1. Considering only protein heavy atoms, what is the solvent-accessible area of His349 at a probe of 1.4 Å, reported in Å² to the nearest 10?
2. Can you pull the percent of the chain's accessible area that's carbon plus sulfur, 1.4 Å probe, other chains left in place?
3. How far is helix 294-313 tilted off the main Cα axis of the chain, in degrees rounded to 10, range 0 to 90?
4. What is the local net charge at Arg30, summed over the other residues whose Cβ is closer than 10 Å to its Cβ (Lys, Arg +1; Asp, Glu -1)?
5. Pick out, in residue order, every one of the trypsin sites (Lys or Arg not before Pro) in segment 83-175 that is DSSP loop and has at most 14 other C-beta atoms within 10 Å; say none if there are none.
6. Scan the chain and report its longest stretch carrying no GluC sites (Glu not before Pro) that are both in a DSSP loop and have at most 10 other Cβ atoms within 10 Å.
7. With a 1.4 Å probe and every protein chain left in place, work out the accessible area per residue of segment 203-307 in Å², rounded to a whole number.
8. Apply 1/(1 + (r/R0)^6) to the Cβ-Cβ distance of Thr125 and Lys232, taking R0 = 25 Å, and write down the FRET efficiency to the nearest 0.05.
Amino acid sequence: MAEIIVSSYKGTPVVTAFIDNKLEFLSFVRDSEIHNIYVGRVDHIVKNIDAAFVKYAEDRVGYLPLKNITSACVLNKKYSTGDKLCNGDIVLVQVESEAVKTKKTKLTTNLSIPGKYAVLTLGKTGIGASVKLSDSLRDKYTELVRDDYFGFLNGIRDSLYDSDIGLIIRTEVSELDDNVIKEEVLDSCKETADILCNIIKLSRNRTIYSLMYKADNNDLDAHIKKATAFIKNRGISDINLIEDSCIYGIPSKIEELCRNKVWLKSGAFIIIEQLESFNAIDVNTGKAIKGKDIGEAVNNEAAVEIMRQIRLRNLTGMILIDFINMNDEEQKQKLIDKVKKLCKQDPIHTSFIDITGLGIMELIRNKNDKSLKEILKDVEKAVDNSKHQC
């Protein structure tokens with residue numbers, strides 16, 4: 001049994017999902033530039049970091065790595081592999097991550113457009129499937145559509161200015177009957193490719209700073225769909241959609257996620273610190289004194305809660321976890337296997353890297369949006385600004 005609850009926090013709509021009465025999914029419905037596509041102009045090149053700074057709006061400049069620039073996205077001249085961007089060049093860019101603190105917006109020319117069953121990315125090659133699917137299903141789906149997809153890609157090559165498109169098959173495909181999978185994926189590819197080809201074509205006649213594609217970041221239904229997919233990926237189909245009337249205490253649960261200390265049922269606790277270059281998490285036994293192998297029990301309990309906290313707080317980049325020391329190699333391997341399994345359940349790509357010589361576990365989580373802490377600052381700022389409006 002699971003519930004999707006539509007609520008609000010200080011005037012900003014929020015979509016949450018509860019499984020067995022526990023908050024497992026949190027998404028703020030807010031306007032964001034992430035995944036928007038703009039016509040920008042190269043402001044200047046910084047050779048020592050191999051990047052260009054691109055002005056994509058009147059008052060916004062983003063950072064564009066110069067490695068693997070997609071030729072179709074250079075609009076003012078013919079661009080081939082090995083060529084270089086210059087000051088003043090006009091480029092089609094997509095926002096990959098928003099500006100945070102001293103870091104500028106990160107841009108890319110690998111334009112990515114999601115469809116119902118497929119995600120197409122310009123400048124990439126090959127076919128893959130969501131890492132949330134099992135290896136056997138990923139192999140099955142990619143082989144099923146491979147030949148037809150490459151035939152379709154060759155047919156639209158001219159519209160892509162000879163660029164490639166990579167395909168990722170989405171987890172939603174697993175809900176389809178086997179006999180319609182190929183047809184549905186290819187139809188989704190065609191619809192998505194039409195959008196992408198149209199953006200590339202129209203951008204050549206647009207002025208700089210033009211918004212060519214607006215992502216559905218502030219669409220409530222899109223956030224509800226994400227919450228539904230999150231629950232279904234955990235094998236739950238019985239879902240209730242509820243409009244919150246303040247009885248679920250969503251604001252207090254959000255505020256709990258801002259605390260550094262998180263208590264576990266056993267009496268142990270974890271400390272979470274968000275730093276400039278990485279996130280540090282420390283596991284402590286605290287008041288957990290019952291039973292044998294306390295370290296192993298606390299680590300297993302903490303692993304589940306840590307991955308939940310990472311997901312809800314949207315911690316990204318490098319994550320270092322100091323679990324309670326375990327001398328038994330078998331116990332250590334079981335913990336690693338557990339964390340790897342939990343990483344696969346995260347909607348955002350999360351990878352186990354290693355355990356250092358000091359016993360610190362290293363994870364990497366892709367950046368998809370601002371952290372919860374940063375989003376709440378934006379919400380507070382919006383509230384403060386509204387107080388001063390006439």
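1. Taking all protein chains as shown, His349 has close to 80 Å².
2. Answer for the chain: carbon and sulfur cover 48 percent of the accessible area.
3. Long axis of 294-313 versus the principal axis of the chain: about 40 degrees.
4. Result for the neighbourhood of Arg30: -2.
5. When the trypsin sites (Lys or Arg not before Pro) of segment 83-175 are filtered for loop state and at most 14 Cβ neighbours within 10 Å, Lys84, Lys101, Lys116 remain.
6. The segment 59-275 is the longest one with no such site.
7. Heavy-atom SASA per residue in segment 203-307 reads 58 Å².
8. After rounding, the FRET efficiency stands at 0.25.
The values are calculated or read from the model by the stated rules, or taken from the named source; none is laboratory data. Since the structure is predicted, the reported quantities are computational estimates derived from the model, not experimental observations. Neighbour counts run over all protein chains shown; Cβ positions are idealised from the backbone, glycine included. Remember, those area values only see protein heavy atoms, side chains included, never the ligands or the DNA or RNA. Shrake-Rupley method; radii C 1.70, N 1.55, O 1.52, S 1.80 Å.
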